[in-house]
């Protein structure tokens with residue numbers, strides 16, 4: 001079994017020249033020992049641009065029966081740029097369904113993940129972000145009977161419990177969107193724990 005990851009900059013792998021950036025997908029191998037991880041997540045991609053660039057087709061050429069396809073988008077689907085933007089209840093869900101169907105057609109198991117939360121505090125309260133996109137993922141998972149890892153809610157609760165000051169250590173300095181190593185390891189641990197709880201690994 002291999003684990004394939006489709007996603008954006010919050011899951012992507014980075015070379016040392018891009019430190020302190022580290023996506024949770026880059027950290028995941030440490031939490032799933034013995035299972036190869038193919039991290040195809042790329043910075044700046046939405047469901048729309050990932051598909052239009054043929055990135056899923058490259059995975060489809062390799063993925064095999066019994067593999068897992070982790071699917072997590074949202075940050076860039078909210079973009080105003082037409083080549084990135086999707087609507088949460090139509091094109092976003094439709095695009096996610098393409099990932100789901102591609103995995104299943106190749107005998108692999110799709111797993112939908114909600115996007116990680118941003119560290120946006122206002123007046124001492126952590127603010128919800130991403131609008132309807134997390135709920136659209138949850139709804140699609142229920143409709144299509146796809147395992148769901150609600151990384152948005154898990155990360156939101158974790159950041160909220162840490163508090164405004166302490167949660168800074170999870171993110172790139174001056175950047176409340178992208179995890180650094182500490183944040184990537186927390187998120188990867190959450191994802192691995194959920195995969196085990198779902199009986200997928």
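Numerical summary
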item: Selected from 135, 105, 72 as most flexible by GNM, with the chain as the system and alpha-carbon contacts under 10 Å; result: 105
item: Most mobile listed residue (176, 77, 123) in the chain, GNM with C-alpha springs under 10 Å; result: 123
item: Ratio of the Cα radius of gyration of the chain to 2.2 N^0.38 Å, where N counts its residues; result: 0.95
item: Computed [θ] at 222 nm, helices only, for the chain once each DSSP H run of length n ≥ 4 contributes -39500 (n - 2.57); result: -10500 deg cm²/dmol
item: Two-site label geometry, residue 2 and residue 82: point separation in nm, points 7 Å out along Cα→Cβ; result: 3.7 nm
item: GNM top mover of 119, 109, 169 - the chain, alpha-carbon springs below 10 Å; result: 169
item: Stretchable slack from residue 127 to residue 30, in nm (0.36 nm times residue separation minus alpha-carbon distance); result: 31.9 nm
item: Chain lengthening between residue 196 and residue 38 when straightened (0.36 nm per residue, less Cα-Cα); result: 55.0 nm
item: At R0 = 35 Å, FRET efficiency that the Cβ-Cβ distance of residue 14 and residue 98 yields, to 0.05; result: 0.85
item: Pairwise label distance in nanometres, residue 139 with residue 105, each label 7 Å out on the Cα-Cβ vector; result: 2.5 nm
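All of the numbers you see were taken from the coordinates with simple rules; none came from a lab. Remember, it's a predicted structure, so these values are computed and weren't measured experimentally. Don't worry about glycine lacking a Cβ; one is built from the backbone with ideal geometry, like all the others, and counts go over all protein chains shown.
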